[in-house]
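The values are calculated or read from the model by the stated rules, or taken from the named source; none is laboratory data. These figures come from a predicted structure and were not determined experimentally. Heads up, the Cβs are rebuilt from the backbone with ideal geometry, glycines too, and the neighbour counts pull from every protein chain shown. Remember, those area values only see protein heavy atoms, side chains included, never the ligands or the DNA or RNA. Shrake-Rupley method; radii C 1.70, N 1.55, O 1.52, S 1.80 Å.
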Amino acid sequence: MSILVTVFTLLSADQQASEVPKVSEGKLDLTGTDITQRQPIKLSGSWDFYWQKLLTFDELGLQEDTPTQVEFPGIWRGKNHQGKTLDHNGFATYVVEVSLPKNYEHLAIRVPNIGSAYRLYVNENLIASGGQVANNAERHVSKYSPGTYAFKPDGQVFKLLLQISNYDYYWGGSWNALELGTHDQLQEKLVRETLKTSFIVAIFFTISLFNLLLFSLRIRNILPLIIAMISIGFGIREAEINNLLHYVNIFDSNFLINIRTNFLSFTGLAPLLIMYFYLSFKNVYNKIAIYMIVAITVGFSLFIGLAPIHVFSNKLPYFQFLIMGIIVYLIFGLIKAIYLKKRNAGTLFIGSLILACLSIHDIFLSLGWINTVPLVSLGLVAFVMCQNYITYADFILASTNNKKLNRVLEQQNNELQQFSNSLEKQVEERTEELENLNRKLELLANEDALTSAYNRRGISVFLEQAKAVQKRSGTPFCIALIDFDNFKTVNDSLGHDVGDLTLKKACELIQAIIREQDKFGRWGGEEFVLLATDTNLQGAAFIAEKLRCEIEEKLAELIAYKVTVTIGVAECGIEENIESCLKRSDNALYKGKMEGRNQVALSKN
C-alpha cells in the first residue's frame, strides 16, 4: 500500500498547479503572472492555425487570410477547416503570441513528443526541431525529438511558430502541450518525471524477477511466468512512453521503432492478460470465446509489427474499442468468480477494476474525447501489486511444509524490503547525477572545445550584459576583433594539428594578458572577440597593441613559426547596438589587413 501511495504522489505532483491563463485566439497573456514564481506553464488553448503553409516570422505579416483557431495540443485529422475536413497527411503552422509581465534574461520551452516532424521558432530564431519538416512526403522525415530548449526573449512580447508536417502517422498535429518556464524549472520537472518513471519501471522489473524465481521453483504453475512477462511489458511501455531511455542518453531509436514499441506494448500484452484471467478462473470464462479473443489480439499485434505506420495506426481505434469490450467481459467474469466465492477473486477484482477504469480513461484520452492526463501507470502498478499479493499468498499456501522454498521466499521478501528502504537514496543519487550532468552541459554549451575560450554563444551573453550596463550607467566598453594573419598558410604548410596548437597557445597568451574583468571568446575559425569592459577606445587600443606584440614575440617561441595578428577595435556608442559595433570592429580589422596586417586598427565613432 505504501508503494501505491508513493506512485500516486509522484503521478499527481506535476498536476498541482495554480490557475493560469490559457491561449485564446492565438494570444497568451501572462502579464499578470510571474513565470519564475510558479511551475512551468502549459501552452494549451486556441492557437492560430495556417493549414498547408510553413510560415516564417517575416511571412506572418504578409498573410492576407485570417488564421483559423484550433485547440492545441490536438490532432488536425477530421477537423473542419474553411469548410473542408482535414486529412492526416499535410503540413501546417501553429502560432501564438505571448505577452510577459517583464523582460526576462532567459526562458526555456519544453517540447514533448510530437508524433511527426516539427520546427519551433521564437520570432525569427529556430530553437528546436525534430525530423525534417517538408511540404511533401518525399522530403518529410518523422522523428521523436523531445527536449528543453533555452532562448532569450526579445522584449516582453514574442511569437512562437510551430511548423509541423505529417505523412506517416494517422494523426497529424501535436499530442502534448509545450511548456514555458525557466530552464531550471523545466529541468527540475524533467528530473521529477524521470525519477517517477524510473521508480515505476523498477517496481515492474522487480516484480518480474520475483515471479520468474517463483516459476523456476514450480514450473508446473505457469501463472508467475505470465505475470513476469506482463510486468516486463509494462516496464518497457512505461519507459518508452515517458522517453526514459532518451533522456538518460542510453538509447535513441528511430521513429518507426518508437511507434511500433508504443503500440506493441499495448496490443502485445492483451493476449497475456486475457490468458492470465482465464487460467486463474477457467470455469467462469468461455474457452472458445477466450481463444478467439487471444487469436484476434495476437493477429493485430502481428499486423502492427509488419504493416506500415499509416496503415496500422489507422486501425488502432478499432482495437481500442475491442479492448474496452474485452475489459467489460473480464470484469464480469471476476464478479461471477466473487459470487462463486473463488479464492483471491476479490483481491484480483480490486486491482483489475483500477486498471480497467484507468485504461478506459486513457483510451478516451487518446481518442480525444476527454482532456486530462494519462493515468494508466497507476492502474498497472495497482494490478501487478494485487496480483503479486495473490501469487505470493498461493505460493506460501502451497509450500507450507517446504523449508527450502520458505527460505527463498524470505530472502526475496528481504530484498524487496531493502529495495524499498534504499529507494530514497537511489533517488537522491540519481538527482545529483542529473544535476552534475546539467552543469556539464551548461559549460559545454558556452565553451569552445578547442581553445577553452568562450564560444560565440558564450561571449554573446557578456556582450549583451556590457551593453545593458552601459545603458544604465553610461559605462564605456570596447569590442576588439582579432584575426590571425595568413592562417591558411600555417594549416597548409605545417598541418592542421599545428594550426590547432597555434590557436590554443595564442588563447593561453591572451587569457594571461587581459584583465580579469575582460572577456575573450572564439567568434569563428581563426577570428576571436575581446570584450574590454569599463574601457574607452584609447585603453582598448593599448590592450590590443600589447596582445599583438606578445603574440608576435612569444608565440613563435612556442610553435617555432612566426604568427601575427591584425586587430580591429571599436568603442560601442551609447545609442549603438552590438551588431553595429561588431561591424565597425570588423571594418577596422579589414582596413588593418589592407594596410599590411600585423597591426591594431581603430574605428572612430
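Here are a few things to note about the model shown:
- Förster radius 45 Å - calculated FRET efficiency between R407 and F332, Cβ distance, rounded to 0.05: 0.65
- Here the label points at L450 and L494, each 7 Å from Cα along the C-beta direction, are separated by 1.3 nm in the simple model.
- Of all aspartates and glutamates in the structure, the ones whose alpha carbon falls short of 19 Å from that of K342, not counting any fewer than 8 places away in one chain, are D394.
- Residues in segment 158-169 carry Karplus couplings, in order, of 8, 10, 9, 10, 10, 8, 10, 10, 9, 9, 10, 9 Hz; the curve used is 6.51 cos²θ - 1.76 cosθ + 1.60 with θ = phi - 60°, and Gly or Pro positions show x.
- The Stokes-Einstein estimate for segment 108-263, based on a Kirkwood radius over Cα pairs and taken at 20 °C with 1.002 mPa s viscosity, is a diffusion coefficient of 120 µm²/s.
- In segment 126-223, the trypsin sites (Lys or Arg not before Pro) that fall in loop regions by DSSP, at most 13 other Cβ within 10 Å: R139, R220
- The residues packed around F349, meaning those with a beta-carbon under 12 Å from its beta-carbon, carry a net charge of +2 if Lys and Arg are +1 and Asp and Glu are -1.
- Heavy-atom accessible area per residue - the chain, 1.4 Å, Å²: 49 Å²
- DSSP beta bridges confined to the chain are antiparallel in about 90 percent of cases.
- Distance-filtered residues of segment 471-486 - backbone nitrogen under 19 Å, label point 7 angstrom along M594 Cα→Cβ: 481-486
- Of all DSSP beta bridges confined to segment 446-546, the antiparallel ones make up roughly 95%.
- Using distinct alpha-carbon pairs, which all enter the 1/r mean, Kirkwood radius of the chain in Å: 28.7 Å
- The chain - charge dipole about Cα centre, Lys and Arg +1 at Cβ, Asp and Glu -1, debye rounded to 20: 2820 debye
- Cα lying deepest toward the dipole's positive end in segment 456-603, options F487, T564, T475, charges on Cβ: T475
- Per the Debye calculation on segment 2-181 with a single equal scatterer at every Cα and no solvent contribution, log₁₀ I(q)/I(0) for q = 0.14 Å⁻¹ amounts to -0.77.
- From the Kirkwood radius over Cα pairs of segment 456-603, Stokes-Einstein at 20 °C and 1.002 mPa s returns a whole-number translational diffusion coefficient of 140 µm²/s.
- Residue-count net charge about E124 - beta-carbon cut-off 15 Å; Lys, Arg +1, Asp, Glu -1: -2
- Local net charge near Y454, Cβ-Cβ under 10 Å (Lys/Arg +1, Asp/Glu -1): +2
- Dipole magnitude for segment 2-181: computed about the Cα centre from +1 point charges on Lys and Arg Cβ and -1 point charges on Asp and Glu Cβ, it is near 380 debye.
- Check: segment 438-548 dipole with +1 on Lys, Arg Cβ and -1 on Asp, Glu Cβ, in debye: 460 debye
- Estimated vicinal HN-Hα couplings, Hz - segment 496-512 in sequence order (Karplus 6.51, -1.76, 1.60; Gly, Pro = x): 5, 5, 5, x, 4, 4, 4, 4, 5, 5, 4, 5, 5, 4, 4, 4, 6
- Under 5 Å from the amide H of V563 lie the amide H atoms of A556, each residue being 5 or more positions distant or on a separate chain, with H modelled from the backbone and absent for Pro and chain starts.
- Accessible surface of segment 2-181, 1.4 Å probe, proportion on carbon and sulfur as whole %: 46 percent
- Where only DSSP H runs of four or more residues are counted, the chain gives -18000 deg cm²/dmol as its mean residue ellipticity at 222 nm, each run worth -39500 (n - 2.57).
- By the Cβ rule of 4.7 Å, the chain holds the following cysteines without a possible disulfide partner: C357, C386, C478, C507, C549.
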